[in-house]
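J.: Quick one: this structure, given as structure tokens, is what I'll be asking you about.
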Amino acid sequence: MGIGIPFLVAAVAALLQSTLLDFIRIGGAAPDLVLVIIVFTGIKTGPMPAQVSGFGAGLLEDLMTTAPLGLHALIRTVTGFSFGFVRNKVFLDVVFMPILLCTGASLLKALMLLALTAVFSIESLSGAVFSVRYAIEIGYTALISPAVFAGLSRIPALNPRRTYL
Amino acid sequence: MKFRTAFDQHRAVVVLAVCVVFSLVTMTFSSTNVVVRPREFGLTVVSAFQSVFTGFGRFIASTINSVAELRELQADYDLLVEQVRRYEGLENDIFELRSEVESLRELLGFSQELQYDNIPAQIIGKDPGNLFGAITINRGSLHGVRTDMPVVAVQGGRQGLVGRVQRAGLTASTVVPLTDRSFYVASRLQRSRYEGLVSGTGAGSETISMRHVDKNARDNIAYGESVITSGLGSLYPRGIHIGTVEGIQARPYETSLELVVRPLVEFAVLEYVFVIRTHG
């Protein structure tokens, strides 16, 4: 499975998040589109394309924020790797599983943010995970996930055929 | 051979390890100058894409608005609607252009009125997440922007502090807003003249806080009083408006007051800023 298209999709999502998604904020929070894409990529293509595209998209995000370089890259890499192992192990329905998986991914991201904030003393992040804004982000991300999953299902490069041995 | 077979078997784990180690190393060193150059280069490249996406977004938004406007007009007019619509369209364009010209004239006026040498800039991107609140502007080191330069904006006819330049790429820079927890500025109450330290309370928060204000100031501080930069320290010039006092918190076990301050600048509608040249 190639990593070019998954990376391209995730990179475009990262750019969209810093520009166009700013117009659709609710309570100051925008959905985490990159996270949804990484989760989908992991489930459909396995750990390798998901973690590498996550790493690349995360680095792009790091360049656009005041975050320490590597913060988003690390979070996206681990997310891609973790959800890559769920590949072919879950029945992906239209609504319920995308919401469940993306909520799980958001909570995993929150845990990693907490750990990294503690280890690297990232002042800007202290308490951010427990804010109302982050709660809205989790809900908003879950809300858009079925639609994003449906859209990504139409990209052949992200939907390899299953092989049975 | 054995090594290669082992690598093939655990390729995903090896790549994960490499990515994680790389991320941790860059995070460790990103507080120093070790990774400043590649990061600035990356910012320059990424900002080009951000400009394109922002332009595209504004084009789409204006197109959608125009379509909605036309639909409303269609309900009101019959036979001459096409002609009237054209004229109305033209009128709207003229109105838009006039307001744009007025807005730009106002900005130009303020730019010339600012007592400090400044670099006008447009916001081309915001933080892709919800945790940091960084702002990307379309001016970089090529235009004279340097790290730690203060950034101000004009809203409602007043000049207010936006933040400071955290990183200057070649043609774009990243600005830390004053709402960020890592942002600090020495400040003063404009009327009562008490000093304090303003700091952010996190991205997304509508207020910031002013700490270390003398407890004796409690009876002299008025709600709505302006908070300005004090000029102490070399980073921010004195007299720049930060916000207005919205609340006073006096805890009996603390020797100083904490004021809740509403920033003058409304970040959600911010489009243009001025970078103040303070050095270099």
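The values are calculated or read from the model by the stated rules, or taken from the named source; none is laboratory data. Values in this document were obtained by computation on a predicted structure and should not be read as measured data. As a convention, Cβ positions derive from the backbone with ideal geometry for all residues, glycine included, and neighbour counts pool all protein chains shown. Just the protein is used for accessible areas: all its heavy atoms, side chains included, with ligands, DNA and RNA removed. Shrake-Rupley method; radii C 1.70, N 1.55, O 1.52, S 1.80 Å.
J.: Name the residue that is nearest to the other protein chains (Cβ to nearest Cβ), counting only residues in the range A:78-92 that are under 16 Å from A:Ala10 (Cα atoms) and either assigned to a loop (DSSP other than H, G, I, E, B) or among the small types (Gly, Ala, Ser) (or both).
T.: Among them, the one singled out is A:Gly84.
J.: Would you say B:Leu131 is closer than 21 Å to B:Ser47 by Cα, open to solvent by 10 Å² or more (accessible area, probe 1.4 Å), more than 9 Å from chain A (Cβ to nearest Cβ) and among the aliphatic types (A, V, I, L, M)? Working first, answer last.
T.: Details: closer than 21 Å to B:Ser47 by Cα: yes; open to solvent by 10 Å² or more (accessible area, probe 1.4 Å): yes; more than 9 Å from chain A (Cβ to nearest Cβ): no; among the aliphatic types (A, V, I, L, M): yes.
Taking the combined requirement at face value, the residue does not satisfy it.
J.: From the list B:Arg238, B:Arg262, which one is open to solvent by 40 Å² or more (accessible area, probe 1.4 Å) and under 17 Å from the mean Cα position of the chain (by Cα)?
T.: Details: B:Arg238 fails: under 17 Å from the mean Cα position of the chain (by Cα).
Within the list B:Arg238, B:Arg262, the selection yields B:Arg262.
J.: Confirm whether A:Phe40 is in contact (Cβ under 8 Å) with a residue 60 or more places away in the chain and either buried (at least 24 other Cβ atoms within 10 Å of the Cβ) or of a type in the set (Val, Ile, Thr) (or both). So that I can check it myself, show each step before the final result.
T.: Working: in contact (Cβ under 8 Å) with a residue 60 or more places away in the chain: yes; either buried (at least 24 other Cβ atoms within 10 Å of the Cβ) or of a type in the set (Val, Ile, Thr) (or both): yes.
Yes: the conditions hold for A:Phe40.
J.: Pairs needed: first member in the range A:117-140, part of a helix (DSSP H, G or I); second member anywhere, among the acidic types (Asp, Glu); C-beta distance under 7 Å; at least 6 residues apart or different chains.
T.: Every condition considered, the pairs that remain are A:Ser124/B:Asp180; A:Glu137/A:Asp32.
J.: Pick out the one residue from B:Thr244, B:Thr255, B:Thr278 that is of a type in the set (Val, Ile, Thr) and modelled with pLDDT of 85 or more.
T.: Working: B:Thr255 fails: modelled with pLDDT of 85 or more; B:Thr278 fails: modelled with pLDDT of 85 or more.
Criteria check complete, one pass: B:Thr244.
J.: Out of the residues in the range A:93-104 that are of a type in the set (A, V, I, L, M) and open to solvent by less than 50 Å² (accessible area, probe 1.4 Å), state the one that is nearest to the other protein chains (Cβ to nearest Cβ).
T.: Taking the range A:93-104 as the starting set, the residues that turn out to be of a type in the set (A, V, I, L, M) are A:94-95, A:97, A:99-101.
Checking the rest, the ones that are also open to solvent by less than 50 Å² (accessible area, probe 1.4 Å) come to A:97, A:101.
On the way: A:Met97: 23, A:Leu101: 19 Å.
Once the filter is applied, the top-ranked residue is A:Leu101.
J.: Let me ask something else. Look at the range B:177-198 and say how many of its residues are touching a helix residue (DSSP H, G or I) at 6+ places or on another chain (Cβ under 8 Å) and under 30 Å from B:Gly42 (Cα atoms).
T.: Kept after step one, since they are touching a helix residue (DSSP H, G or I) at 6+ places or on another chain (Cβ under 8 Å), are these residues of the range B:177-198: B:177, B:179-182, B:189, B:192, B:194.
Cutting the leftovers down to under 30 Å from B:Gly42 (Cα atoms) gives us B:177, B:179-182.
Selection size over the range B:177-198: 5.
J.: Still on this model: Please specify each residue of the range A:37-60 satisfying the condition of being more than 10 Å from chain B (Cβ to nearest Cβ) and either closer than 13 Å to B:Pro128 by Cβ or not in a helix (DSSP H, G or I) (or both).
T.: Result: A:Ile37, single match.
J.: Only one residue in B:Gly89, B:Gly140, B:Gly160 is within 14 Å of chain A (Cβ to nearest Cβ) and of a type outside the set (Asp, Glu). Which one?
T.: On the way: B:Gly89 fails: within 14 Å of chain A (Cβ to nearest Cβ); B:Gly160 fails: within 14 Å of chain A (Cβ to nearest Cβ).
Checking each option against the conditions leaves just B:Gly140.
J.: Quick one: B:Val175 ticks every box in (1) without any contact (Cβ under 8 Å) to a residue 40 or more places away in the chain; (2) outside any loop (DSSP other than H, G, I, E, B) bar one, so which box is it?
T.: Of the numbered conditions (1) without any contact (Cβ under 8 Å) to a residue 40 or more places away in the chain; (2) outside any loop (DSSP other than H, G, I, E, B), the odd one out for B:Val175 is (1).
J.: In the range B:261-280, how many residues are without any contact (Cβ under 8 Å) to a residue 60 or more places away in the chain and not aliphatic (A, V, I, L, M)?
T.: 1
J.: Which of the numbered conditions does A:Ile75 fail, given that it passes all the others? Conditions: (1) assigned to a helix (DSSP H, G or I); (2) surrounded by fewer than 24 Cβ atoms within 10 Å (Cβ to Cβ); (3) more than 8 Å from chain B (Cβ to nearest Cβ).
T.: (2)
J.: Taking the condition within 11 Å of another protein chain (Cβ to nearest Cβ), free of Cβ contacts under 8 Å to residues at least 12 places away in the same chain, part of a helix (DSSP H, G or I) and crowded, with 18+ Cβ neighbours inside 10 Å, does A:Leu63 pass?
T.: yes
J.: Further question: Which one of these does A:Val95 not meet: (1) among the aliphatic types (A, V, I, L, M); (2) at pLDDT 90 or above; (3) farther than 30 Å from B:Arg181 by Cα?
T.: (2)
J.: Identify, by number, the condition in (1) at pLDDT below 90; (2) under 12 Å from the mean Cα position of the chain (by Cα); (3) open to solvent by 10 Å² or more (accessible area, probe 1.4 Å) that A:Val9 doesn't meet.
T.: (1)
J.: What are the residues in the range B:198-223 that are open to solvent by 60 Å² or more (accessible area, probe 1.4 Å) and within 22 Å of B:Leu235 (Cβ to Cβ), if any?
T.: B:Arg211, B:His212
J.: Within the range B:135-148, can one find any residue that is touching a residue at least 24 places away in the same chain (Cβ under 8 Å), open to solvent by 10 Å² or more (accessible area, probe 1.4 Å), in a loop (DSSP other than H, G, I, E, B) and within 26 Å of A:Ile24 (Cβ to Cβ)?
T.: The answer is yes, given that some residue of the range B:135-148 is touching a residue at least 24 places away in the same chain (Cβ under 8 Å), open to solvent by 10 Å² or more (accessible area, probe 1.4 Å), in a loop (DSSP other than H, G, I, E, B) and within 26 Å of A:Ile24 (Cβ to Cβ).
J.: Continuing with the same structure: Look at the range B:161-170 and say how many of its residues are modelled with pLDDT of 90 or more and more than 22 Å from A:Ile122 (Cα to Cα).
T.: Counting residues in the range B:161-170 that are modelled with pLDDT of 90 or more and more than 22 Å from A:Ile122 (Cα to Cα) gives 1.
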